[in-house]
Amino acid sequence: MKINPKFTSQTCHKCGNVDAGQREKRDIFVCKNEKCSIFGKGINADKNAAINIAEKVDSKIELTELVDVL
């Protein structure tokens with residue numbers, strides 16, 4: 001299974017907000033969406049990207065399972 005990693009390090013894993021400015025430093029991600037539960041909190045950018053990729057994998061697996069049932 002292939003997952004496109006594009007924008008996964010710029011996308012908040014909590015709210016889905018995408019903004020290149022959320023990568024304040026190379027290794028720190030900070031969500032800029034004021035409505036997000038992690039707004040303004042710095043987290044490891046690689047961890048944030050990994051969570052986004054894992055969620056994409058989960059959604060593809062669920063879609064594949066649904067197609068197999070049909």
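Each reported figure results from applying straightforward, stated rules to the coordinates on display, with no laboratory input. Keep in mind that what you see is a predicted model, and the values were worked out from it rather than measured. Glycine gets a Cβ as well: all are built from the backbone with ideal geometry, and neighbour counts include every protein chain shown.
Worth a mention:
- Among 22-31, 35-44, the order from most to least packed when residues are scored by Cβ within 10 Å on average: 22-31, 35-44
- In sequence order, segment 25-31 has phi-based couplings of 10, 4, 10, 10, 10, 9, 5 Hz under the Karplus curve 6.51 cos²θ - 1.76 cosθ + 1.60, θ = phi - 60°, and Gly or Pro positions carry x.
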